[in-house]
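Visitor: This is the structure I want to talk about, given as structure tokens.
The values are calculated or read from the model by the stated rules, or taken from the named source; none is laboratory data. Predicted model, so just to flag it, every value in this text is computed and none were measured. No Cβ is skipped: glycine too gets one built from the backbone with ideal geometry, and neighbour counts run over all protein chains shown. When the accessible area is computed, the model is the full protein with side chains, heavy atoms only, and any ligands, DNA or RNA have been set aside. Shrake-Rupley method; radii C 1.70, N 1.55, O 1.52, S 1.80 Å.
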Amino acid sequence: MRWIVLPLLAVVACTPARPPASDIDRTTVEIERSGCLGGCPVYKLRIGSDGVAIFSARDFTGRHPLRNADGDLVIPHEVADKDRRALFERVNSKAFAELLPDYSANVSDGPTTTITVSTPSGVRRVTQYAVACLRDSKKPRALSSTSIDPRARFVPDVFCETVALIETASCAGYWSAQTRPPLDPNDPRLSPPERCRLPSFGRGANAGSVQP
């Protein structure tokens, strides 16, 4: 009996090997924001490598229709692929890698933002406490770091740009305005795009307010 094996071998030989996933494709990003005495955002968000984001926040209003029995909102959201890719490329960039672990000012009750990036290469965590980003350093009451390291005087803009990208792509910025409404009625977080509207959102001037 003769076995015909050459065609099979040819097919196997011609099948291209699947390229290994890069660090960008296996990235997860977490952001945690804690508030000041005013209406600063307070929430946690995790964006997985598949682009699925999980937003969680305490409902400080006490009446949000999506709050669970513990008084929290936990909302899944799928980040658009182009936004996911842009975010993962940003946090894997040289500019983000050059950020220091901590930027802190000598004040109390300041807003804190921490971004944690996990890849197969390791985990990086960067925390901003009350210190202004470089682009905002000329604004009144902008705070600089108490660090003696001149590189830590202000937060490099790549950090604030990453926060903005996360909050816009995941809707977290808009949703945090429902759980802890900002003091400024003209805060842009009160006017979410259609894809970020939750059932409680109205269409008028107070679209960001939580309805009782």
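Visitor: Short version: what are the Cα gyration tensor semi-axes of the stretch 44-147, square root of 5 times each eigenvalue, largest first, in whole Å?
Guide: Semi-axes (√(5λ), whole Å): 27, 23, 12.
Visitor: A follow-up question, please. Rank-order 68-74, 112-118 by packing density, defined as the average count of other C-beta atoms within 10 Å over each peptide's residues, highest first.
Guide: So the peptides 68-74, 112-118, ranked by packing, come out 112-118, 68-74.
Visitor: Place the peptides 144-151, 96-103 in order of packing, highest mean first, counting for every residue the other Cβ atoms within 10 Å and averaging per peptide.
Guide: Highest mean packing first, the order is 96-103, 144-151.
Visitor: Accessible area per residue for the stretch 71-212 in Å², computed with a 1.4 Å probe and the full protein assembly in place, what is it?
Guide: Accessible area per residue, the stretch 71-212: 53 Å².
Visitor: While we're looking at this one, here's another question. Measure off 7 Å from each Cα along the Cα-to-Cβ vector at ILE148 and LEU134, then give the distance between these two points in nanometres to one decimal.
Guide: For ILE148 paired with LEU134, the spin-label model returns 2.4 nm.
Visitor: Once you have the Cα-Cα distance between CYS36 and SER93, take 0.36 nm times their residue separation minus that, and quote the gain in nm to one decimal.
Guide: Extra length available between CYS36 and SER93 comes to 17.5 nm.
Visitor: For the stretch 30-82, which whole-number percentage of the solvent-accessible area (1.4 Å probe, protein heavy atoms only) is attributable to carbon and sulfur atoms?
Guide: Taking all protein chains in place, the stretch 30-82 shows 49 percent carbon and sulfur surface.
Visitor: Once you put a point 7 Å from the Cα of THR116 and another 7 Å from the Cα of ALA80, both along the Cβ direction, what distance in nm separates them?
Guide: The answer from the label model is 2.9 nm.
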